[in-house]
Every structure is written in C-alpha cells, then in structure tokens.
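S.K.: The structure under discussion is supplied below as structure tokens; questions concerning it will follow.
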Amino acid sequence: MLQVSIDSNIDEIEKKLSEITDRSRLVMMRAMNRTARNIATTTKREVASRYFVKQKQVADTLKISKASKSNLEVAVVSKGEKLELEKFKVSPREPVKIISREERTPKVYKAAVKKAGGLKPLYGERVSGKQSKPFFATTKKGTQGIFFRSRGKAYPIKQVMGPAIPQIIDNKEIMENIMKKANETLEKRIEHELSRVMK
C-alpha cells in the first residue's frame, strides 16, 4: 500500500479572510479535494509514461479519501498485488516450439517493465546447478503467462511476477513529480477558492 497525504494549515487563509469562520475551512476543503483529484491524475500519467502500464491499471489501485470542513486532510492511497510479468511487456508471447533435442524456439524470452532501457533476457532460478529456462504457456485454468520450472522437473512451475503498482508509484522521481504538482495545484486552488468566497 502507498499513501500520499496532504495536511492543511489554515492560518494564512484565515488572515486573508480577516476573520476565523467556516469560510476558511470551506476554502481549504475545496482546494484540497481538487488537489487530491489532481494527484490521482498525475500519478496515472507519471506511471504510464515511464512503465509499460496503462493509466486504467493505475486508476484501479487508487482510492481518494476526501477532506471535510471538520477534517482538513486528504489521502490518495494505492493498493495492489504484484502483477504478472506479461501485464507489462513480454516478447514473444507464444509457447516454446521444440525443433530438435538441442534446439527450441524462441531460444530466449525477453521482458521489460520500464519503457527506458529496452527488453532484457529472462532467466529462471538455478536448480541443481542448472539455469531453468522461462517459457510462455497457458495453464489448465486458462492463465497465460511466463513460467519456469522451480525444481528442474516438469512440475511444479512458478509464474514470473513483476512489481505491484504501489511499488512503481513509490519510485523516487515519480513521487517527487507528484508532490511538486500537488503543491503547485494546492496553491493555485487556494487562491481560486479565496477569490470565490471573497466576492
């Protein structure tokens, strides 16, 4: 789980309103709730621009806790389990074909989680001194993915997993951009809401 929170300090707002009333809390509530929605939008865009993840996949993990006049705090929370590697980018997406006892195609599967850096060869675990080879398959339950044999035998097999969306969001650059945009948005929305209530 990953949580991004914004707490308020309404002293400056109350000074601008010249009195402590419900209007100051209304200003902050509106500004913070708009900022929370902006955080969600920024998060989706930042992740989708850097990783092989669609914005909808990110959106499905996000939940916004809104502020109220009695509780001036918002939170944007991301919850989600690790994603199967094929949810990112895998090539080729087809089963192994055995050409001969010594040859198979494809010889290697490649995958990428981040858009920068290109596809990287996949390797399984070392079992009894040998490197197990990942393969693309469809299970009896209809699950498609990249698997490897975990004990050097036909079974059991393990599915190769990638990171969870909350782990991705926790990337340093992504978090810095989210918080920078959040602070800019909050400042703008406060000024906008102030102008509305002072008319």
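The values are calculated or read from the model by the stated rules, or taken from the named source; none is laboratory data. Source: prediction; values computed, not measured. Cβ: placed from backbone, ideal geometry, glycine included. Neighbour counts: every protein chain shown. To get the accessible areas, we keep the full protein, side chains included, count just its heavy atoms, and leave off ligands, DNA and RNA. Shrake-Rupley method; radii C 1.70, N 1.55, O 1.52, S 1.80 Å.
S.K.: Keeping to the stretch 103-113, report how many residues are closer than 23 Å to residue 53 by Cα and open to solvent by 80 Å² or more (accessible area, probe 1.4 Å).
M.R.: Within the stretch 103-113, residues that are closer than 23 Å to residue 53 by Cα and open to solvent by 80 Å² or more (accessible area, probe 1.4 Å) number 1.
S.K.: A follow-up question, please. Could you tell me whether the stretch 39-47 includes any residue that is of a type in the set (Gly, Ala, Ser) and either in contact with a Ser or Thr (Cβ under 6 Å, 6 or more places away or on another chain) or surrounded by 15 or more Cβ atoms within 10 Å (Cβ to Cβ) (or both)?
M.R.: Initial filter on the stretch 39-47 (of a type in the set (Gly, Ala, Ser)): 40.
After this cut, where a residue has to be either in contact with a Ser or Thr (Cβ under 6 Å, 6 or more places away or on another chain) or surrounded by 15 or more Cβ atoms within 10 Å (Cβ to Cβ) (or both) as well, the list is 40.
Yes: one or more hits.
S.K.: Across the stretch 139-155, which residue is nearest to the chain's Cα centre (by Cα) among those that are at pLDDT 75 or above and in a loop (DSSP other than H, G, I, E, B)?
M.R.: Ranking the qualifying residues of the stretch 139-155, first place goes to 143.
S.K.: Further question: Looking at the structure I just gave you, is residue 164 of a type in the set (A, V, I, L, M) and either on the phi > 0 side of the Ramachandran plot or modelled with pLDDT under 85 (or both)?
M.R.: It is false that residue 164 is of a type in the set (A, V, I, L, M) and either on the phi > 0 side of the Ramachandran plot or modelled with pLDDT under 85 (or both).
S.K.: State all residues of the stretch 112-138 that are at pLDDT 80 or above and of a type in the set (Gly, Ala, Ser); if no residue qualifies, say none.
M.R.: Result: 112, 116, 117, 118, 137.
S.K.: Determine whether residue 107 is more than 20 Å from residue 138 (Cα to Cα) and among the basic types (Lys, Arg).
M.R.: In short, no.
S.K.: For the stretch 1-111, please list each of the helices (runs of 4 or more DSSP H) lying entirely inside it that holds at least 1 residues being of a type in the set (S, T, N, Q) and at pLDDT below 85.
M.R.: Result: 22-50.
S.K.: I'm trying to understand the selection: among the residues of the stretch 178-188, which are open to solvent by less than 90 Å² (accessible area, probe 1.4 Å) and either over 14 Å from the mean Cα position of the chain (by Cα) or modelled with pLDDT under 90 (or both)?
M.R.: The first filter runs over the stretch 178-188 and keeps only residues open to solvent by less than 90 Å² (accessible area, probe 1.4 Å), leaving 178-179, 181-182, 184-186.
Within the stretch 178-188, 179, 181, 182, 184, 185, 186 meet the criteria.
One line per residue, one yes/no per condition, for (1) free of Cβ contacts under 8 Å to residues at least 60 places away in the same chain; (2) open to solvent by 30 Å² or more (accessible area, probe 1.4 Å):
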site: 61; (1), (2): no, no
site: 72; (1), (2): no, no
site: 80; (1), (2): no, yes
site: 89; (1), (2): yes, yes
site: 101; (1), (2): yes, yes
site: 115; (1), (2): no, yes
site: 118; (1), (2): yes, yes
site: 146; (1), (2): no, no
site: 166; (1), (2): no, no
